[in-house]
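Here's the structure, in structure tokens; my notes come after.
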Amino acid sequence: MKLSLFSTLRGYRKEYLPKDIFSGIIIAAVSIPISMGYAQISGIPAVYGLYGSVLPILLFALFSTSRQFIFGVDAAAVLSAVSQLPSS
């Protein structure tokens, strides 16, 4: 098994970098509070929402071979998980 890190950077143009950084900041500004909120709703500490929104994106960027990916908190999956929690 061959493991290549950051394989998507082959052929990357430097002029894309400012817009990519700006896009990343916008996505983080939206997804991090949502993830932390969902964590609190489910009864776990908000920091787990932070881990759940940042770490998967970084790992995907590190190991993926795809140049495009969509990642975000999915409300349907969260509602399904929360519905299984015991009511208090």
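Please treat every number below as a calculation from the coordinates, not as lab data. Since the model is a prediction, treat every value here as computed from it, not as a measurement. Counting neighbours? That spans all protein chains shown, and the Cβs are built from the backbone with ideal geometry, glycine included.
Using a simple spin-label model with points 7 Å from Cα along the Cα→Cβ vector, what separation in nm is obtained for residue 50 and residue 14? Between residue 50 and residue 14, the simple spin-label model gives 3.4 nm. Restriction of the chymotrypsin sites (Phe, Trp or Tyr not before Pro) in segment 31-70 to DSSP coil positions whose beta-carbon has at most 13 other beta-carbons within 10 angstrom yields 69.
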